[in-house]
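Following: one structure in structure tokens, then a few remarks.
The values are calculated or read from the model by the stated rules, or taken from the named source; none is laboratory data. Owing to the predicted nature of the structure, the values given are computational and were not obtained by experimental measurement. In this analysis, Cβ positions are derived from the backbone assuming ideal geometry, glycine residues included, and neighbour counts consider all displayed protein chains.
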Amino acid sequence: MQEQELIKQIAKGDEKALRTLILMYNSRLFSYAYGILQNYEDAEEAVAETFYQVWRSAKKYRGESRVSTWLFGVCRNVIRNMIRKNKRHPNMLEIREEDAVIEEEAQPVEVELISKAIEKLPPIHREVLHLAYYEEMPYEEIAKILDIPVNTVKTRVFNARKKLLKIIEEMKNEYKGSL
């Protein structure tokens with residue numbers, strides 16, 4: 001069944017369609033939420049609330065964007081509300097060893113270095129990198145999720161990559177200096 005058809009079925013109250021959508025997107029949304037919230041229970045809560053919101057608002061889905069874009073947008077709004085309620089300023093992205101994208105075979109030190117470097121990026125850069133590289137979303141979809149122009153997405157990705165490379169280089173130099 002196509003994703004848009006699932007949303008139509010959910011709008012009609014079809015719980016089986018909702019379970020199918022959950023199976024399709026649960027882990028991706030959890031990864032996104034955990035990357036922002038940095039807390040397992042909060043991420044679980046955010047994903048559960050996202051699917052609850054999808055259940056309640058499926059009738060409002062107009063099909064103007066891909067279902068994945070809509071779901072990540074809903075999840076982002078849920079996360080923002082959770083942060084506002086808790087008045088927390090979380091780190092926005094955690095890189096796991098299996099997520100590390102490196103041309104050559106990743107060495108444990110490199111994975112740790114990249115993880116620590118990403119943590120040093122500003123939240124807006126961590127978020128856009130997550131959507132662009134881990135979710136492999138096109139810039140147009142990211143723009144819809146973040147409610148910003150496509151050119152702003154391109155600029156953020158460019159700046160994030162530039163800053164990330166600079167941070168990695170600085171960290172490598174610090175590491176060499178400490179030997």
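Quick notes
- Residue ID - farthest from Gly35 (Cα to Cα), chosen from residues in segment 167-179 that are among the hydrophobic types (A, V, I, L, M, F, W, C) and assigned to a helix (DSSP H, G or I): Met171
For (1) free of Cβ contacts under 8 Å to residues at least 40 places away in the same chain; (2) under 17 Å from Tyr61 (Cβ atoms), each residue gets a yes or a no:
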| position | (1), (2) |
| --- | --- |
| Arg19 | yes, no |
| Ile22 | yes, yes |
| Leu29 | no, yes |
| Ala33 | no, no |
| Ile36 | no, no |
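- Within segment 77-91, the residues that satisfy the criterion of being surrounded by 13 or more Cβ atoms within 10 Å (Cβ to Cβ), modelled with pLDDT of 75 or more and under 20 Å from Glu119 (Cα atoms) are Ile79, Ile83.
- Residues within segment 23-39 that are farther than 19 Å from Met137 by Cβ and either β-branched (Val, Ile, Thr) or modelled with pLDDT under 85 (or both), tallied: 3
- Selection count where residues are surrounded by fewer than 19 Cβ atoms within 10 Å (Cβ to Cβ) and of a type in the set (A, V, I, L, M, F, W, C), scope segment 32-65: 2
- Every condition in (1) closer than 20 Å to Asn81 by Cβ; (2) touching a residue at least 40 places away in the same chain (Cβ under 8 Å) holds for Lys59 except the one numbered (1).
- Positions within segment 137-166 being under 20 Å from Cys75 (Cβ atoms) and in a loop (DSSP other than H, G, I, E, B), in sequence order: Met137, Pro138, Asp147, Ile148
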